[in-house]
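One structure is given here, and the rest of the page talks about it.
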Amino acid sequence: MDYNFSECTLCPRMCGADRVNSTGICGCGADIKAAKASLHMWEEPCISVENGSGTVFFSGCTLKCCFCQNHEISHKNFGSNISISQLAEIFLQQQDKGAENINLVSGTHFVPQIISALDIIKHKLSIPVVYNSSGYERIETLKMLNGYIDIYLPDLKYFSSEISKKYSKAENYFKYASRAILEMHRQQPVLKWDGKRLKKGLIIRHLILPHCRHDSIKIIDWINENIPKESFLLSLMSQYTPSYKSCEYPEINRKITTFEYNSVLEKIIEYDFNGFTQDKNSSNEKYIPDFDLSGIPTFFEKK
């Protein structure tokens, strides 16, 4: 689809950068950049299922999380430029490998190109498309994706603007993420299954951070008040591992405690949410992919 990358406003930063000739706050220009495409087994069970999720890890990011485990690609922008036609071919290759779905990881700043790539191969694609997002989205950008995304998989990271500003340089995170999740739910309001495989719907992720259990509980309260519990899945993640610049913030330079984990888990049990919880001991670096450009063409077909 056509989009004016010379004045980009795809994400809530709305930096207006000329991404044709330079880069935006996301760290990327107008060309698609990706760091890995592979079958990934560490997503939620209904996403990974038996064969793994066909993940495409895009370079760059609209958030600036100080603890990002994927900082090599999100902050340092490691990756290789690819064309729209190459991206479309990557989708088909993942399907041919038996992927349960196409999983678009942090693709906000490439939404117009993703849509164009899906348009090329939509008649050949028989598996769901997953939009795996930080939650920091503009409704206007999400509306571009209406009809293209089968499963929305957003994070809901923070309730407090003070905390989101401190750790992700996004004071307005909850304002945009809460609206974005409601838009995602509007587009996919019903969970649809094929056995144990989720075919359509919304999964909201929340990662518990050290010293932030009260913020986590406020997020759970908001979800309960705004989205019918039978219409989505909640994925509570306990895998936080200090990474990147966590050492600059002593209060989060550790794993979460059993007390912090149980405090949030008890609230989820109280509301009787459906979904997934990680064992507290699941915090492990095995969840961090090896960004080695596997599955990504090294020859850029500039159009």
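The values are calculated or read from the model by the stated rules, or taken from the named source; none is laboratory data. Keep in mind that what you see is a predicted model, and the values were worked out from it rather than measured. Cβ: placed from backbone, ideal geometry, glycine included. Neighbour counts: every protein chain shown.
Assorted remarks:
Residues checked against (1) in contact with a Cys (Cβ under 7 Å, 6 or more places away or on another chain); (2) under 26 Å from Cys26 (Cα atoms); (3) modelled with pLDDT of 95 or more:
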| residue | (1), (2), (3) |
| --- | --- |
| Ala180 | no, yes, yes |
| Leu191 | no, no, yes |
| Asp194 | no, no, yes |
| Arg197 | yes, no, yes |
| Ile203 | no, yes, yes |
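- Residues that are over 20 Å from Tyr173 (Cβ atoms) and of a type in the set (D, E, K, R) were ranked within segment 1-29; the one that is surrounded by the most Cβ atoms within 10 Å (Cβ to Cβ) is Arg19.
- Scope segment 195-221; condition closer than 15 Å to Ile269 by Cα and touching a residue at least 60 places away in the same chain (Cβ under 8 Å); matching residues: Ile219
- Count of segment 28-73 residues, restricted to those that are in contact with a Gly (Cβ under 8 Å, 6 or more places away or on another chain) and without any contact (Cβ under 8 Å) to a residue 40 or more places away in the chain, is 2.
- Within segment 195-212, being closer than 25 Å to Tyr240 by Cβ and surrounded by fewer than 17 Cβ atoms within 10 Å (Cβ to Cβ) holds for one residue alone: His211.
- Residues located in segment 91-102, provided they are surrounded by 19 or more Cβ atoms within 10 Å (Cβ to Cβ) and touching a helix residue (DSSP H, G or I) at 6+ places or on another chain (Cβ under 8 Å): Phe91, Glu100, Asn101, Ile102
- The residue of segment 30-44 that is surrounded by the fewest Cβ atoms within 10 Å (Cβ to Cβ), among those that are of a type outside the set (Asp, Glu) and more than 16 Å from Ile73 (Cα to Cα), is Met41.
- Members of segment 54-64 found to be in a loop (DSSP other than H, G, I, E, B) and surrounded by 24 or more Cβ atoms within 10 Å (Cβ to Cβ), listed by number: Ser59, Gly60, Cys61, Thr62, Leu63
- Qualifying residue in segment 289-303 (condition: in a helix (DSSP H, G or I) and out of contact with any Cys (no Cβ under 6 Å at 6 or more places or on another chain)): no
- Tyr167 vs. criteria at pLDDT 95 or above and in a helix (DSSP H, G or I): yes
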